[in-house]
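Notes follow the structure.
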Amino acid sequence: MECSKFKFALGNFSIELESPDKEWIESKLAEFKGVIDKYKSFAEARDHIDIGNESPQSARPTSTLPSGLSANEFYRQYAEKVVKSRTEMGVFFVYYLTQTTGKKEFTSAEVKEVFREVGYPNWNRINIPDALYQAKKRALLNNVGSLWSLSMTGVDFVLSKLSNEE
């Protein structure tokens, strides 16, 4: 007899159920829908669910930002209100670049260009590599060679700040 499985994980939150009764799994999915909706829309959450023999689509990147959002709009709508330091702003800008370009790694020059685009105060005097290194020390960014990427902690940090802002 084949078992059906339900798996969902988001940050530190995860749900895993297994049963030979697929209908029971689907009823539990309906029960947990409210919890899942708290973190993401249900449609996005379903991309991370594996029921039975269906393959999960969690490898497909999903954007939490509206499509076509400019750097300036991102800064004004999301980051300006909740970010207090240049280090945190650098993390937010790496998150923005990750979501809008589809790339996962960026040079400090690409991050500095976002600071310039949004007209961040004294953007030309900021030591961007140092700000990004400070984020690395806080485990918010990863650095390999001259490329910077978000760590899982960094993603959780940004999403936490964005959800607290609402």
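We did not get these values from a lab; they are worked out from the coordinates using the rules stated. None of the values given here were measured: they were computed from a predicted structure. Neighbour counts run over all protein chains shown; Cβ positions are idealised from the backbone, glycine included.
Structural remarks
- Most tightly packed first, judged by the mean number of other beta-carbon atoms within 10 Å of their residues, the peptides 22-28, 130-136 read 130-136, 22-28.
- If you plug the beta carbon distance of MET152 and LYS28 into 1/(1 + (r/R0)^6) with R0 = 22 Å, you get a FRET efficiency near 0.25.
- With 19 Å as the limit, the listed pairs LYS84/LYS104; LYS112/LYS136; LYS81/LYS104; LYS7/LYS28; LYS84/LYS137 have LYS84/LYS104; LYS81/LYS104 beyond it between alpha carbons.
- Counted charge near LYS103, where neighbours are those whose Cβ lies closer than 14 Å (Asp, Glu -1; Lys, Arg +1): -2
- Förster radius 22 Å - calculated FRET efficiency between LYS137 and ASN72, Cβ distance, rounded to 0.05: 0.15
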